[in-house]
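For reference, the structure is listed below as structure tokens.
The values are calculated or read from the model by the stated rules, or taken from the named source; none is laboratory data. Just so it is clear, the model here is predicted, and its values are computed rather than measured. As a convention, Cβ positions derive from the backbone with ideal geometry for all residues, glycine included, and neighbour counts pool all protein chains shown.
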Amino acid sequence: MRVKIHREGTNIILVLLFILLVINGLAYLFISYKSIPLIFAIISAIFFLLVVNFFRSPRRHFKGEKENTVLASVDGTVVALEEVYESEYLKRNVMQVSIFMTVFNVHANWVPVEGVIKYVVHHAGRFLGAYLPKSSTENERSTIVIETDNGHEILMRQVAGAIARRIVTYPEKGERVYIDEHIGFIKFGSRVDIYLPLDSEILVKLGDKTTGGITEIAHLK
């Protein structure tokens, strides 16, 4: 898989590089103990590489059958798999699959199913740890509903975490989306919840690792 820097991180990385170069240049010029500028340089390099790693954007192409297939939207770990009542849009019992991302995961969000966007709403909220169950309804979040060609309504919720402070959602209501596309981005630690019909065949279990845009998490009936 080819990897590039996500567009959400380009400006941040350039500004960070400039700041680190200035700091390290000043340290080299004005600190007489040369071991200190060296330590600064090592710490700066590690920090810069971590930020670059966070904003990496692998190019992925799902090669399987797309019809009635639900893919993981993000890289991470399955932390919730349960029947819940979805009260915002679907207003019925559904299966919730939640995937938690650490700061070391790719944070680009892929489209989970192909179809038409029926609903997009951003909610202000708190910044609790994204691994907590109540973060799905209390944290800063965006809700997206996609209707598949077979009439299934799949709800995806981008949830901010304790560190995340910005959720980006790209499509608007009425747009058609495809599995290989990015649906959004969440900066610095978060989770994604996907709500599926109760009769869906769930293909993952708690603790499973997922790859966004590649891992099949369910088949729709």
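Considered as a group, the residues in region 108-135 that are at pLDDT below 80 and surrounded by 24 or more Cβ atoms within 10 Å (Cβ to Cβ) include one that is farthest from the chain's Cα centre (by Cα), and that residue is 135.
Every condition in (1) touching a Leu at 6+ places or on another chain (Cβ under 9 Å); (2) part of a strand (DSSP E or B); (3) not aromatic (Phe, Trp, Tyr) holds for residue 192 except the one numbered (1).
One line per residue, one yes/no per condition, for (1) outside any loop (DSSP other than H, G, I, E, B); (2) more than 15 Å from the chain's Cα centre (by Cα):
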site	(1), (2)
53	yes, no
61	no, yes
77	yes, no
83	yes, yes
94	yes, yes
97	yes, no
106	no, no
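When region 195-217 is filtered for residues that are among the aliphatic types (A, V, I, L, M) and either surrounded by fewer than 21 Cβ atoms within 10 Å (Cβ to Cβ) or closer than 17 Å to residue 180 by Cα (or both), the ones remaining, listed by number, are 198, 202, 203, 204, 206, 214, 217.
What number of residues in region 198-221 are assigned to a loop (DSSP other than H, G, I, E, B) and farther than 15 Å from residue 76 by Cα?
Going through region 198-221 one residue at a time, the tally reaches 6.
I want to confirm something. Restricting to region 136-168 and keeping residues that are hydrophobic (A, V, I, L, M, F, W, C) and modelled with pLDDT of 95 or more, which single residue is surrounded by the most Cβ atoms within 10 Å (Cβ to Cβ)? Of everything passing the filter in region 136-168, 144 is surrounded by the most Cβ atoms within 10 Å (Cβ to Cβ).
Counting the residues of region 1-35 that are exposed (fewer than 14 other Cβ atoms within 10 Å of the Cβ), within 14 Å of residue 47 (Cβ to Cβ) and in contact (Cβ under 8 Å) with a residue 40 or more places away in the chain gives 0.
The selection criterion, being assigned to a loop (DSSP other than H, G, I, E, B) and either β-branched (Val, Ile, Thr) or at pLDDT below 95 (or both), holds for residue 179. For region 182-213, a tally of residues being under 14 Å from residue 71 (Cβ atoms), among the aliphatic types (A, V, I, L, M) and modelled with pLDDT under 95 returns 2.
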